[in-house]
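Single-structure report; data block below.
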Amino acid sequence: MHRSAPRLSRILACAAVPLMLVAVGCSSDSGSGSGAEGKKNAGSSSSGTGSTEPSKPAVEPAKFTDLPDACTSIAKKTVAELVPEAKKKGGTAGRSSDLSVRGSCSWNGLDDKGVKGSQYRWLDVAFTRFGSDQSLGSGAARATEDYTKQIAKEKASEGAQKVAAAAATGIGDEATAITYGLNKTDEDFENATVVARTGNVVVTLTYNGAGYAGAKTPSAADILKDAQKAAKEAVAAVGATAGSGSAEATPPAGDAKKTPSAGKTAKAGPKATAKS
């Protein structure tokens, strides 16, 4: 019995050796996984999660990169017909911080007929150009948006009576004529405004008139006809002199939100006109 004890101890000791080897082997396998192969797997995983956003398509280049001189955009002959006895035949230019973006000009005059009374006329043309911008959109799209806003603004003119709006065909890419009557300073005025868009440029032409000292108020139809005639000339001037066909993509000019507006010039004459 006593001799069997040493033998039993040796058997138990030998039996423990494989268990230790197994433990060492497991530890070795775990280490190899966290070594070079582990780094490789980690690298593959991280590279798989990375992605790049698709780039946005470039906006359409703006058609026009400049504006015509507003005061010469309407023929002298037309100005003479619409505004007889204009105080300043060459027109009065509106103020603008950048004439390639905004420009305007106005004419006014009182044709005194003596005992038959007098006829007052006022004509104003304004241009706004919009450049293409990757974040804001194409110049044409931005001009279309402004075109819609200008029409709404004219329809909401303070004191306007019998407001009517209709498409004006044959003027630019799209045009709308807004007409209304207005009683101001005890005189009845007839007003017609043509808002037109050609490419990335919006043209707003306003023409109004009144009879003084007993003279008859001009007819709404005549005022509208003359306004459309002048608007066609102004739109044609854009295409003729405004740098058509440029490859402009994202110019700084034409951002109406950042460029101060060229305010319409003050109306001259003995009394205020329909547009104040």
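For the reader, a short list of remarks on this structure follows.
- Entries of 63/153; 77/225; 184/225; 153/229; 77/216 with Cα pairs more than 20 Å apart: 63/153; 184/225; 153/229; 77/216
- Sequence-ordered 3J(HN,Hα) estimates for segment 61-68 from the Karplus curve with 6.51, -1.76 and 1.60 and θ = phi - 60° stand at x, 5, 6, 10, 10, 7, 10, x Hz, glycine and proline given as x.
- Cα shape, segment 98-238, gyration tensor, a/c 1.5 rule: prolate
- Along its first, second and third principal axes, ordered by size, segment 138-201 spans 45, 21, 15 Å in Cα coordinates.
- Peptides ranked, highest mean first, by Cβ atoms within 10 Å: ranges 89-97, 170-178, 61-69: 61-69, 170-178, 89-97
- For the pair residue 219 and residue 153 in one chain, pulling the backbone fully straight at 0.36 nm per residue adds 21.4 nm over the alpha carbon distance.
- Averaged per residue, segment 163-206 has 31 square angstrom of accessible surface, using a 1.4 angstrom probe with ligands and nucleic acids left out.
- Shape class of segment 81-138 from the alpha-carbon gyration tensor: prolate, with a/c at 1.5 or above and a/b greater than b/c.
- Alpha-carbon spread of segment 49-169, three principal axes, descending order, Å: 88, 33, 27
- For residue 55, solvent-accessible area (1.4 Å; no DNA, RNA or ligand), Å²: 110 Å²
- The Cα atoms of segment 194-235 cover 44, 13, 13 Å along the three principal axes, with the biggest extent listed first.
- Amide hydrogen neighbours beyond the local backbone of residue 189, cut-off 5 Å, H modeled: 182, 183, 184
- Using C-alpha pairs below 8 Å separated by at least 6 residues, the relative contact order for segment 77-136 is 31 percent.
- Whole-percent carbon and sulfur share, accessible surface of segment 137-245, 1.4 Å: 49 percent
The values are calculated or read from the model by the stated rules, or taken from the named source; none is laboratory data. The structure presented is a predicted model; accordingly, all values stated were derived computationally and were not measured. Methodologically, a virtual Cβ is constructed for each residue, glycine included, from the backbone with ideal geometry; neighbour enumeration extends over all protein chains shown. Ligands, DNA and RNA are stripped out before the accessible areas are found, and what is left, the full protein with its side chains, is counted by its heavy atoms. Shrake-Rupley method; radii C 1.70, N 1.55, O 1.52, S 1.80 Å.
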